[in-house]
Amino acid sequence: MKELILLRHAKSSWKDSTLEDFDRPLNKRGKTVAPQMGQVLADVGWVPQYIIASPAKRCRATTKLLLPYFKIKSKNVQWEEMIYEAPTSALYTVISEVPDKISSLMVIGHNPGLEMLATELDSAFPGHLTTCAAVCIDLPISHWRDIGPDAGKVRECLRPKEVLTRDQRT
């Protein structure tokens, strides 16, 4: 059994219109919510052994704010360019190359790719992966290379608006 946690980056800033999309940082709310979601994920036991994340600035910042709650070493974080603006085919490729000794994997990236991947893995997933939301998918497979459409079952989706109080999110 494999566990795949898909997490969309925290809320980013659109303040500087001269920045390329790749270089957009987190806004104030994103910097507040990311560590709170890290605590929520740790509390429910969604602690990955390995993380593959987009190298976009907002994903790097989100990942760094989450790491203290997962107690994993930075060597267990892979910055993967293919995740930035990735279609599901690219996400499948990246995930399929994960060593089988890893049973719990987190992918930190962007929509629409992550949302589409979750829906392909379990068509019952209604979508709507808000910023800093995480969806945990159980995959009854032994090898990551066996991941594909309809391969999983969504255990739960945790969205900041549903698991944090209004005061925590501001």
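Bear in mind that the values in this text are calculations on the coordinates, not laboratory data. Fair warning: this is a prediction, and the values are worked out from it, not measured in the lab. Because the Cβ atoms are built from the backbone with ideal geometry, glycine has one as well, and the counts that use them run over all protein chains shown.
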Q | Helix-only CD estimate at 222 nm, as mean residue ellipticity for the chain, using -39500 (n - 2.57) per DSSP H run (n ≥ 4) | A | -9500 deg cm²/dmol
**Q.** Gained length - E81 relative to A42, 0.36 nm times residue gap less alpha-carbon distance
**A.** 11.4 nm
Q: Could you please report the charge total around D23, scoring K, R as +1 and D, E as -1 over all other residues with beta-carbon less than 15 angstrom from its beta-carbon?
A: 0
Q: Out of all DSSP beta bridges with both ends in the chain, state the antiparallel percent to the nearest 5.
A: 50 percent
Q) Which entries in K31/K161; K57/K153; K2/K57; K75/K153; K57/K101 show an alpha-carbon gap greater than 25 Å? A) K57/K153; K2/K57; K75/K153; K57/K101
**Q.** Three-way shape call for region 1-145 based on the alpha-carbon gyration tensor, with the a/c threshold at 1.5
**A.** prolate
Q) How much length is gained on full extension from K153 to K101, taking 0.36 nm per residue of separation minus their Cα-Cα distance? A) 16.6 nm
Q) Helix 28-44: angle to the longest alpha-carbon principal axis of the chain, degrees 0 to 90, nearest 10? A) 40 degrees
Q) How much length is gained on full extension from H143 to K73, taking 0.36 nm per residue of separation minus their Cα-Cα distance? A) 22.9 nm
Q: Could you work out the local net charge near D100, counting Lys and Arg as +1, Asp and Glu as -1, over the other residues with Cβ closer than 9 Å to its Cβ?
A: +3
Q. Is region 9-61 rounded, prolate or oblate when judged by the Cα gyration tensor, a ≥ b ≥ c being the square roots of its eigenvalues, rounded requiring a/c under 1.5 and prolate requiring a/b larger than b/c?
A. oblate
